[in-house]
Every structure is written in C-alpha cells, then in structure tokens.
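Accompanying notes for the structure given below.
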Amino acid sequence: MANDRKNDVAVKPDSSKLTPEAELRSCIQRLGPKDQKIIRSVRAAVRKRFPTAHELAYDYSSHVVIAYSSTDRGIDAILTIAGRADGVRVYFMHGPQLPDPKGLLLGTGKQTSFVNVEAASQLAHPDVEALIAAAVASSTVPLPSKGKGGLTIKLTAAKKRSQPKPTK
C-alpha cells in the first residue's frame, strides 16, 4: 500500500508562504500570454533603470500593478506598470504636469497619465525616456543613490477587508 498513490490529494501551495517573487509571478500568470511576456520584459527594463527603487506589487482581481517608488509607499511612486486585460500600460505619477510635446500621454486623470506598451524597447525611445526623466525630476522623494530595492506585495483594499480583524 505504500506505493499506492491514487488516494493522494494535490495540495495547493499556501500563498501566505510564497516568496514575494513567486506571489508576483502567480499574479502575472493570470494575464494573457502576450501580456505576461510584455509585463515581464517591461519590469526587467524598469528594474534595470531604477535598481534602488522599492518595487510595490498590488494584486487586483482584474489587473496587476507594480509601482516603482523611492519609499515603501505607492503614493511616492515615480512610475507604475499595470498589466490589464486590455494590455500593459506604464503610468506616470504627476503625468498631467509632465512636459509631453509629442502627446504620448493618455488618460484624463488629475494624478496620473499613461502610455500603452507593446514592448519593453518602447521605454528606450527618446520621447518616452524624456517622460521617465521628467517623472524622476518631479518625484517628491528622490530615489536612494545606493542599495538595491526590494519587492513587496501590498494588500489591496479588497484583500484587507477580507482578512479577519485582530482580537484585542
């Protein structure tokens, strides 16, 4: 009977025990194959551009957001990658205030604007690079000059509501 495995039950890994990197990979896997590839390559390019930034990942039911911040607070983010059902976007904090002579920024929000991304190579285009440089310059808290930023999985409001409240 020791070799009889037909009664074994597959156990899903407990997401609370996953590393932040594994948790983020799991979130990204919910996207379509094309968008998975794009978000991974854009993430690698942004990580290379901002090695000291805190990488803050948010898992929403319909999309995944990765913010690059000088602190552990999303509000201090310089830019954000969003993987959504309709594609991958790079959002710029203070986007409406950034100089955008080519009219690349989309969105009508007061706080952020975005560009649609089809490939990580778009980030190296001089016009997009100028937007990134302007976003860095307008950041309220400068990026650390040394060190390596880590990845933190942040709880979304929906996940916070679903957690049990601590007892006193």
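Across segment 107-119, coupling constants 3J(HN,Hα) worked out from phi with the 6.51/-1.76/1.60 Karplus curve, θ = phi - 60°, read x, 10, x, 7, 9, 10, 9, 9, 10, 6, 10, 9, 7 Hz, and Gly and Pro carry x. A crude spin-label estimate for the pair LYS34 and LYS146, with each label 7 Å from Cα along the Cβ direction, gives 4.5 nm.
Charged neighbours of PRO101, selected by a Cβ distance under 14 Å, balance to -2 (K, R count +1; D, E count -1). Phi angles of segment 86-94 translate, via the Karplus equation with coefficients 6.51, -1.76, 1.60 and θ = phi - 60°, into HN-Hα couplings of 9, x, 10, 10, 10, 9, 10, 5, 6 Hz per residue; Gly and Pro are given as x.
Determine the shape class of segment 86-128: with a ≥ b ≥ c the square roots of the Cα gyration tensor eigenvalues, call it rounded for a/c under 1.5, and otherwise prolate if a/b is greater than b/c, oblate otherwise. Verdict is oblate for segment 86-128.
Note on segment 46-168: lysine pairs with Cα distance below 27 Å, sequence gap of 8 or more or different chains, count 13.
Every number here is computed from the coordinates shown, using simple stated rules; none is lab data. From a predicted model like this one, the values you see are computed outputs, not experimental measurements. Methodologically, a virtual Cβ is constructed for each residue, glycine included, from the backbone with ideal geometry; neighbour enumeration extends over all protein chains shown.
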